[in-house]
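Presented below is the structure to which this report refers.
The values are calculated or read from the model by the stated rules, or taken from the named source; none is laboratory data. Model, not experiment: these values are computed from the prediction. FYI the Cβ positions are ideal-geometry reconstructions off the backbone, even for glycines, and counts take in every protein chain you see.
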Amino acid sequence: MAHAVKELFPEVKLAIGPSIADGFYYDFDCDTSITQDDLPRIEKKMKEIIKSKKLFERRELSKAEAIKLFEGRGETYKVELISELENDTVTVYWEGDFVDLCRGPHLEKTNNVKAFKLLSVAGAYWRGNEKNKMLQRIYGTAFPTKDELKKHLDFLEEVKKRDHRRLGKELDLFSLKEEKGSAHELRQPIPPPIRREIENFWLDEHHKAGYQILYTPHMAKLDLWKKTGHLDFYKENMYSPMEVEGQDYEIKPMNCPFHVSIFKSHLRSYRDLPLRYAELGTVYRYERSGVLHGLLRVRGFTQDDAHIFCSEDQINDEVLRVLDFTLFILQTFGFENYDIYLSTRPEKFVGTDDGWTKATDALDKALKVKGLTYEEDPGEGVFYGPKIDIKVRDSLGRQWQCSTIQVDFNIPERLDINYRGADSREHRPIMIHRALMGSLERFFGVLIEHYAGAFPLWLAPVQISILPIAERHAEYCRNLKDTLLKEGIRVEIDEDNEKIGYKIRRATVSKTPYMCIIGDKEISGNTVNIRKRDGENTGEMTIDGLLSFLQNEISNRR
């Protein structure tokens, strides 16, 4: 692809071109704007290069030779990359008269490439730094066979259909105003009925699990974030402090320091432990405009956060409880498949080797006791402790990061919290951080794509749509609506002066789970005629039968 772009746009400078999951991209510095309309032309040139059957030739050069080579070609980005390499030699690959810096290996010759497709064009800052020049990035994919490529392209089409931004607009679930790559919510990003269902379910289950529900402030003095270590290790994701009456304050990127403060507000005994705090707390993270993405990456979001304070000998039991709780929550929302990772100590961290070893061993032991398959993710723990990450797989098999469980020996030490043990001496508690869904906004975006907007009945914004066949049936429908509303069913009536076929299509497009079609026959028999959104007719039933039918499906959360 780089060769083809270079031939079509001779002034272009080559930046980087790595392989990524399911494809590749290449960044170019080009005065001419490369657009989506240019991709077929680039593909055509690529096919000409493939047909030329040129060999890929590997050469090993000294750094000085490589710099001289690319300086002579005006490839300033390559020169910068080579200059920063620590090794004395570098490898380059020649293909005809085209040369590129590459680690390799490569195919033997160009005609080994059998099936490819260029997908899109985007902007990207050089080396991901917004202070650097904006480059032009072309994404593509390649497969050994045309059949495999077609299968992947069909998959990408299905992904487009399920895009939560597209469905959010089509189904009137939320709206976003995007300016210069940033997203600003115009109204609630989660429809109130769905948010209420999610939050009520979350609250009920946390009460059952012995958690105390907290509500904490949105900002605190900057000193608090210094003490926890967030200012040292997390500063780039925090907003600038603001001055209030001569004191520096920071809006919260995390809830944990507040939960620690509440723990510290009373004398605690070993009899109080484990102490479980939970909060649906809104936090604020500074995200660059280029990475914001609908509901999946936002700057302010509600985190289903919890912190468990326990003694060292209670860690294993508490981690097991959290694992069970996490999988129960995920499965209730329809996620049966997931991948689990144990993330270990990062390069920059706080605490002692002993504390990190104990924390990591506790997480490792819990996963093994539950018989869960997992992979180690070296160096990906947070600065204060190791973690278990659970990534759900949606109905298309895509991974989404949602749940996390973290064991922390360090923040209790930094904030100096204690409890009185059975020996009447002061002891340091261990802190377990955990989120089950993560960000509610992001989780909702994932749910939209998982279900393609066709939510199960308990989550659907409108659970049943009443469709009168003619105007004379409207009063019966209104009475039915009142009956359903009193029983907590989310219902609407389509009273527009349209044919019933049009009303059915409209309810089907809106993905309403059930339609209640009312005509003369239903009124005379005091019944209802039910149709599912997939077109299946369940037939007539009494109003009491309808209520029982709906309430049973809602309560089971199927």
note = The lone condition Asn111 fails out of (1) within 18 Å of Pro144 (Cα to Cα); (2) assigned to a strand (DSSP E or B); (3) among the polar types (S, T, N, Q) is (2)
note = Considering only strands (runs of 3 or more DSSP E) wholly within the stretch 273-359, the ones with at least 3 residues that are over 29 Å from Tyr451 (Cα atoms) and of a type in the set (S, T, N, Q) are none
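Here's the yes/no breakdown for (1) at pLDDT below 90; (2) out of contact with any Leu (no Cβ under 8 Å at 6 or more places or on another chain):
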{"position": "Arg345", "(1), (2)": "no, yes"}
{"position": "Phe349", "(1), (2)": "yes, yes"}
{"position": "Thr352", "(1), (2)": "yes, yes"}
{"position": "Gly355", "(1), (2)": "yes, yes"}
{"position": "Lys358", "(1), (2)": "no, yes"}
{"position": "Leu367", "(1), (2)": "no, no"}
{"position": "Lys370", "(1), (2)": "no, no"}
{"position": "Thr373", "(1), (2)": "no, yes"}
{"position": "Glu380", "(1), (2)": "no, yes"}
note = Just one listed residue, out of Ile417, Ile388, is within 24 Å of His206 (Cα to Cα) and either modelled with pLDDT under 95 or surrounded by 16 or more Cβ atoms within 10 Å (Cβ to Cβ) (or both), and it is Ile388
key: Residues (among the charged types (D, E, K, R), within 17 Å of His3 (Cβ to Cβ) and assigned to a helix (DSSP H, G or I)) located in the stretch 20-73   = Asp38, Arg41, Glu43, Lys44, Lys45, Lys47, Glu48, Lys51
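Rundown of residues vs (1) crowded, with 18+ Cβ neighbours inside 10 Å; (2) part of a helix (DSSP H, G or I), yes/no style:
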| residue | (1), (2) |
| --- | --- |
| Tyr502 | no, yes |
| Ala507 | yes, yes |
| Lys511 | yes, no |
| Glu522 | yes, yes |
| Arg531 | yes, no |
| Gly535 | no, no |
| Glu540 | no, no |
| Asp544 | no, yes |
| Glu553 | no, yes |
key: Yes/no for Lys47 being basic (Lys, Arg) and either buried (at least 17 other Cβ atoms within 10 Å of the Cβ) or not assigned by TED's automatic domain parsing to the domain that holds Ala142 (or both)   = no
key: Filter result for Lys226 (assigned to a strand (DSSP E or B), at pLDDT below 90 and among the basic types (Lys, Arg))   = no
key: Members of the stretch 436-473 found to be assigned to a strand (DSSP E or B) and either at pLDDT 95 or above or in contact with a helix residue (DSSP H, G or I) (Cβ under 6 Å, 6 or more places away or on another chain) (or both), listed by number   = Leu436, Met437, Ile464, Ser465, Ile466, Leu467, Pro468
query = What about Asp317, is it within 16 Å of the chain's Cα centre (by Cα), among the charged types (D, E, K, R) and at negative phi?
reply = no
query = Can you tell which of Thr373, Thr332, Thr360 is of a type in the set (Val, Ile, Thr) and either under 26 Å from Glu441 (Cα atoms) or in contact with an Asp or Glu (Cβ under 6 Å, 6 or more places away or on another chain) (or both)?
reply = Thr332
ask   = Which one of Ser395, Ser403 is surrounded by 23 or more Cβ atoms within 10 Å (Cβ to Cβ), under 30 Å from Asp163 (Cβ atoms) and hydroxyl-bearing (Ser, Thr, Tyr)?
value = Ser403
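Taking the stretch 22-31 as the region of interest, how many residues are of a type in the set (Asp, Glu) and buried (at least 16 other Cβ atoms within 10 Å of the Cβ)?
Qualifying residue count for the region: 2.
Yes/no matrix, rows are residues, columns are (1) buried (at least 19 other Cβ atoms within 10 Å of the Cβ); (2) out of contact with any strand residue (DSSP E or B) (no Cβ under 9 Å at 6 or more places or on another chain):
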position	(1), (2)
Met1	yes, no
Val5	yes, no
Leu8	no, yes
Ala15	yes, no
Ile20	no, no
Ser33	no, no
Gln36	no, no
inquiry  = Among the residues in the stretch 114-130, are any within 17 Å of Lys6 (Cβ to Cβ), of a type in the set (Ser, Thr, Tyr) and either assigned by TED's automatic domain parsing to the domain that holds Ala15 or at pLDDT 95 or above (or both)?
reply    = no
message = What's the number of the only condition in (1) surrounded by 16 or more Cβ atoms within 10 Å (Cβ to Cβ); (2) outside any strand (DSSP E or B); (3) not basic (Lys, Arg) that Ala220 fails to meet?
response = (2)
ask   = Failed condition for Arg41, given (1) free of Cβ contacts under 8 Å to residues at least 12 places away in the same chain; (2) within 19 Å of Gly140 (Cβ to Cβ), with all others met?
value = (1)
